[in-house]
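Notes for the one structure printed next.
Read-outs throughout are calculated quantities, based only on the coordinates presented, and are distinct from any laboratory measurement. Everything quoted here is computed from the prediction, not taken from an experiment. A quick note on method: Cβ atoms are made from the backbone with ideal geometry, for glycine too, and the neighbour counts reach across all protein chains shown.
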Amino acid sequence: MTNIKIKDIAIYHPEHTIDNDYFFEHFDKRGKDIRRLLQHIGRESRYLVDSTDEETSITMAVAASKKVMERANLTGEDIDMIIFATQTPEQTIPMSSIYVHQAINGKNRTLLYDINATCAGMNVGVEQAARNMLTNPRIERALVVGSDYFSPILDPENEVTYPLFGDAAVAVVLERTKESGGFIDAIHYVDHTDPNNMVFPGQGLTHLLENGEGRYMETKPFDDAEMFPKVYESIRELLNQYDLKPSDVKCCFSQSNKANVRLIQENIGIADDQIIFVADQFGYTGTSSPFLALHEGVKRGKIKRGDYVLVWTIGTGYEFITMLLQY
């Protein structure tokens, strides 16, 4: 039986770090105390691109991709497919994935494309790559990279988004194998009731180009309480379908909000040592965040080969994807 496994994984983040004290002082001057907020969502530090550095979503993706290729002992000739997931493309034309292809000296016969499924993008990309590889005999290995560069689009007057995010990229190599394990299944859920709860450019691309309006990401409060029963349902459905108990899995969930992770954990019955939470160190890195957790889980020895892993993340709009794999 053919399976699609994660051959290797690597990350890249800027060297520049900012801890909570900077944001406390920043918003104290504006009469806003954000200490309870940052404790609630689980933030201590985050890596951010320094404004003097020439970093972009592309340069970070290239760095992560080169690192994972080296770790996997592969060259560009070994890669048949590249998917680049990002919400912050450096440009819309050409596609960002072609720069990764160029950087790894990829072969001509490579399938390339970019996706923007907001913060669910890399999860969707890994799932779509795996399903493609299961049916397409021409795809032996795929490189999937997620990279978001949030720093330039965060409003320094917004106490929710400004301290929330971090900048980073994660790259994985997927490989066709006869060994057991790898990608198992995924469930998608979409609620289009209010797709404008988080928008960039804030006034649309037309206004941004015409008069510079909307240079920062715009957000509005929204109640995500109705989402969680659907999340619980998707997790239980996957566990039941593949004869697994909550205690059988490690969990790499969206790193946006520690309180949300705790809600899922308590409802499903997942122990603390099964949860990988790294946003206290990295901030919320958007599309790459659950795979950043996977990387750190492997690095710290909390996730080992053969472990079942639940990867769940949500994208604004909103949509979420719950994926089950065996690492």
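Between Glu70 and Ser180, the contour length at 0.36 nm per residue exceeds the alpha carbon distance by 37.2 nm. Counting only the backbone N, which residues of segment 161-199 are under 11 Å from the spot 7 Å out from the Cα of Thr2 toward its beta-carbon? Zone members listed by number: 176-178. If only the Cβ of Lys and Arg carry +1 and only the Cβ of Asp and Glu carry -1, the dipole of the chain around its Cα centre is close to 1120 debye. Placing dummy labels 7 Å off each Cα toward the beta-carbon, the span from Glu266 to His16 is 3.8 nm. Scanning the chain for GluC sites (Glu not before Pro) in DSSP loops with at most 15 other Cβ atoms within 10 Å, what's the longest stretch left with none? Longest gap between qualifying sites, sites excluded: 227-327. Applying a DSSP loop filter and a limit of 14 other Cβ atoms within 10 Å to the trypsin sites (Lys or Arg not before Pro) in segment 226-321 leaves Arg300, Lys304, Arg305. Take every DSSP beta bridge whose two residues both sit in segment 183-326, then give the antiparallel share in percent to the nearest 5. So the antiparallel bridges amount to about 75 percent of the total. Between Glu44 and Asp273, the FRET efficiency from the beta-carbon distance, with R0 = 22 Å, is close to 0.65.
Given the chain, what whole percent of its Cα pairs are spread farther than 25 Å? Result: 49 percent of Cα pairs exceed 25 Å. The gain in end-to-end length when the Asp53 to Asp28 segment is fully stretched comes to 6.2 nm, 0.36 nm per residue minus the alpha carbon separation.
Within segment 246-260, what residues put their amide N at less than 16 Å from the label point 7 Å along the Cα-to-Cβ vector of Tyr232? Residues 246, 260 qualify, since their backbone N sits under 16 Å from the label point.
Using Cα centres only, tell me the gap between segment 55-80 and segment 168-201 in whole Å. Each part reduced to its Cα centre gives a spacing of 19 Å. For the chain, complete DSSP H runs whose alpha carbons reach 20 Å or more along their own long axis and whose mean Kyte-Doolittle score is -1.0 or higher are 57-71, 121-135, 227-241. Loop-located trypsin sites (Lys or Arg not before Pro) across segment 14-93 with a Cβ neighbour count of 11 or fewer within 10 Å are Lys29, Arg30, with loop assigned by DSSP. For segment 246-327, the share of DSSP beta bridges that are antiparallel, to the nearest 5, is 55%.
Among DSSP beta bridges whose residues both lie in segment 3-179, state the antiparallel percentage, nearest 5. Here the antiparallel bridges make up roughly 65 percent for segment 3-179.
Extension gain for the segment Asn211 to Asn105, taken as residue separation times 0.36 nm less the Cα-Cα distance, is 34.2 nm to one decimal. A simple charge model with +1 on the Cβ of Lys and Arg, -1 on the Cβ of Asp and Glu and nothing else charged puts the dipole of segment 204-294 at about 140 debye relative to its Cα centre. Cross-link check: pairs Lys32/Lys250; Lys230/Lys304; Lys32/Lys230; Lys5/Lys107 evaluated at a Cα-Cα cut-off of 26 Å; pairs beyond the cut-off: Lys32/Lys250; Lys230/Lys304; Lys32/Lys230.
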